[in-house]
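Chemist: Here you go, one structure.
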Amino acid sequence: MKFVRKIVETHIWIALAGLSFFISGFVLLDGDIANIPLYYYSLIFLATLFAYRLSTGPSSLASLPYPALFRFRSGEGKEIIALIILLALHVFFLNLQEVFFFGVLGLLTVLYNLPERLRQYRQLNLRSIPYLKIFIISFIWASISSFLPAYLIHGVFFENRSFLLFSGHFAFIFSITLPFDIRDYHRDNKSDLRTIPGQIGLTATKIISAIFLATSMAVLFTFLHNLIFVIGFALIVLLLIFYSKPGRSKMYYTFWIDGTIILYFGVILLSNKWF
């Protein structure tokens, strides 16, 4: 259990989920995994690690004074700088279109996690916009797992099937992100942070989450054509959504609910292999 907790707390689990989701999109768009460039594995993994290193934890980037962030004596500063350097090295393997694609998503991530000292630039402070967080998260995850695989397979980011897959993946990430707002319900209410559960209540939030899940599963079925696997997976996720509540352990959300992304990947691989 200590090992599991460690990979969750260091964001390795969610980084593996990010990589799994990207490969899932690649498989659903009929790509051969063997054709994925090797540097893409490290790029997606490190990019996800970087994003969550900025946005989570008790001393996230958003709560650090920016001089402390880049102080080499700071452990967090070292980690973030190391990740930036490693990610920058991947630029040499990418073409201009890929650099632009990752640049846009990276910019969204950084702008959302600007240090407090930089928030004098209010027009750049995405955190100040109510309800935006869940849409940014869903957009980034869906883009990485639909448009990027389409580009690697067909040479274009935007096509009919990649747009369809984007909509399904957006809905899926949206559905499993809402429980995290349920987890933080009491804390967010005390801090006057406007969230979906805070506005419509916990039960209504779970219903909305279920609707988005059903939408994503309908899209998945158009690609997978395996009703048993799709329904089985949907029921597991649905149970996790409806058993979410304020005060549940952090591991329930960061391991089990985030883990549904990895399970999604497993379902796709098993379905393709056996049926």
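Chemist: What number of residues within region 101-128 satisfy the criterion of being modelled with pLDDT of 90 or more and closer than 16 Å to PHE45 by Cβ?
Modeler: Residues in region 101-128 being modelled with pLDDT of 90 or more and closer than 16 Å to PHE45 by Cβ: 3 in total.
Chemist: Another question about this same structure. Scan region 146-173 residue by residue and report those that are in contact (Cβ under 8 Å) with a residue 24 or more places away in the chain and outside any helix (DSSP H, G or I).
Modeler: Residues satisfying the conditions are SER146, PHE157.
Chemist: Confirm whether LEU227 is modelled with pLDDT of 95 or more and exposed (fewer than 14 other Cβ atoms within 10 Å of the Cβ). Explain how you work it out, then say what you get.
Modeler: On the way: modelled with pLDDT of 95 or more: no; exposed (fewer than 14 other Cβ atoms within 10 Å of the Cβ): yes.
Judged against the criteria, LEU227 is not a match.
Chemist: If VAL156 satisfies every condition in (1) modelled with pLDDT under 95; (2) within 30 Å of PHE223 (Cα to Cα); (3) buried (at least 17 other Cβ atoms within 10 Å of the Cβ) but one, which is the exception?
Modeler: (3)
Chemist: Have a look at PHE172, PHE180 and point out the one that is closer than 16 Å to SER216 by Cα, modelled with pLDDT of 90 or more, surrounded by 16 or more Cβ atoms within 10 Å (Cβ to Cβ) and out of contact with any Pro (no Cβ under 7 Å at 6 or more places or on another chain). Walk me through how you get there before you give the answer.
Modeler: Details: PHE180 fails: closer than 16 Å to SER216 by Cα.
Just a single option satisfies the conditions, and that option is PHE172.
Chemist: Need a quick list: helices (runs of 4 or more DSSP H) entirely within region 15-100 having at least 3 residues that are farther than 27 Å from SER216 by Cβ and modelled with pLDDT under 90. I'd like the intermediate steps shown before the answer.
Modeler: Working: elements: 38-55, 66-69, 75-89.
Per the criteria, 66-69, 75-89.
Chemist: Name the helices (runs of 4 or more DSSP H) wholly inside region 174-275 in which the number of residues that are over 16 Å from SER20 (Cβ atoms) and touching a His at 6+ places or on another chain (Cβ under 9 Å) is 1 or more.
Modeler: Values: elements: 185-190, 196-200, 202-224, 227-242, 258-274.
Of the helices (runs of 4 or more DSSP H) lying wholly inside region 174-275, those with at least 1 residues that are over 16 Å from SER20 (Cβ atoms) and touching a His at 6+ places or on another chain (Cβ under 9 Å) span 202-224.
Chemist: Oh, and also: Yes or no: LEU220 crowded, with 17+ Cβ neighbours inside 10 Å and either under 16 Å from LEU270 (Cα atoms) or basic (Lys, Arg) (or both)? Don't jump to the end; show me each part of the working.
Modeler: On the way: crowded, with 17+ Cβ neighbours inside 10 Å: yes; either under 16 Å from LEU270 (Cα atoms) or basic (Lys, Arg) (or both): yes.
Yes.
The values are calculated or read from the model by the stated rules, or taken from the named source; none is laboratory data. On a predicted model such as this, the values are computed, not experimentally measured, just so you know. Here the Cβ is made from the backbone with ideal geometry for all residues, glycine too, and neighbour counts use every protein chain on show.
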